[in-house]
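Everything on this sheet refers to the single structure shown next.
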Amino acid sequence: MSDGAHQPAGWAGGRGRGFAGGRFRSPVGRREEQAMSQATAPAAPAEPAAGAAPAAPVSAAGARGAADRAGQIAADWAPTAGRILLGLVLAWFGYHELMLPGEWTGYVPVINETSNLAIIAVLVHGWILFVLAVALVAGIAPRVSAAIASVLMLEIVISLSVSGLSDTSMRDVGVLGLAICLTGCRTHRLTLRG
């Protein structure tokens, strides 16, 4: 009986102490001791609810990883967003040139703005802008469309700059820059044809 292997269920005696060295505890006393030890022990973290994602502590490495993922998503989708926005700008101008060509004849270089030739030039320009806009938004040959838009925007910037720099010509320089950047982008998402 000195090894404690054949002791009764409530026996709390130590090894080699024998009956006189140990004390007998009732099973009820053990449950009370367990309840007391659980009450004073530090609380274990709560388990997340079923289906809920576990909350991960935010660390510098985790924040850097999230920023890297967000940067990668932005880099992947920036050419697409730029292409669609450029297409919307071209569509707006093309639509207005087609609907009200007489208001745009003053921008036609060399030709008298009151002539029918100026109106025809504005209408042709409006159609080119509109077709390019559809191609850019739909993603039809986006690099070729952006290259043609770059040439067209260069023509607009030069014709506006002849009379001096203005807020309109500087805006068009920015649109020209966007078109040039899109010409160099090799990966576009949401395209019908690369």
Accessible solvent surface per residue of region 64-194, calculated while the other protein chains remain in place, 1.4 angstrom probe, Å²: 59 Å²
Ranked by how many other beta carbons lie within 10 Å on average, peptides 134-140, 159-165 from highest: 134-140, 159-165
Vicinal HN-Hα couplings computed from phi for region 82-94 (Karplus, 6.51 cos²θ - 1.76 cosθ + 1.60; Hz; Gly/Pro x): x, 5, 5, 5, 4, x, 5, 5, 5, 5, 4, 5, x
Carbon and sulfur %, accessible surface of region 109-194 computed with the full protein complex present, 1.4 Å: 71 percent
Calculated from backbone phi, Karplus (6.51, -1.76, 1.60) coupling profile of region 60-77 in Hz, x at Gly/Pro: 4, 5, x, 5, 5, x, 5, 5, 5, 5, 5, x, 5, 5, 4, 5, 5, 9
Computed lengthening from residue 59 to residue 147, 0.36 nm per intervening residue step minus Cα-Cα distance: 27.2 nm
Formal net charge of residues neighbouring residue 122 (Cβ-Cβ distance under 15 Å; K, R +1; D, E -1): -4
Cβ-based net charge around residue 172, under 15 Å, with every Lys or Arg adding one and every Asp or Glu removing one: -2
Rounded to whole Hz, the Karplus (6.51, -1.76, 1.60) HN-Hα couplings of region 164-178, x for glycine and proline: x, 6, 9, 5, 5, 5, 5, 4, 5, 5, x, 5, 4, x, 4
Amide H contacts of residue 108 (H built 1.01 Å from N, under 5 Å, at least 5 apart or other chain): none
Counted charge near residue 108, where neighbours are those whose Cβ lies closer than 13 Å (Asp, Glu -1; Lys, Arg +1): -4
Residue 113 paired with residue 170, simple spin-label distance in nm, labels 7 Å along Cα-to-beta-carbon: 2.2 nm
Label-point gap, in nm, between residue 140 and residue 163 - each point 7 angstrom along Cα→Cβ: 3.3 nm
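The values are calculated or read from the model by the stated rules, or taken from the named source; none is laboratory data. Here the structure is a predicted model, which means the values were calculated and not measured. Positions of Cβ are backbone-derived with ideal geometry, glycine not excepted, and every protein chain shown enters the neighbour counts. Remember, those area values only see protein heavy atoms, side chains included, never the ligands or the DNA or RNA. Shrake-Rupley method; radii C 1.70, N 1.55, O 1.52, S 1.80 Å.
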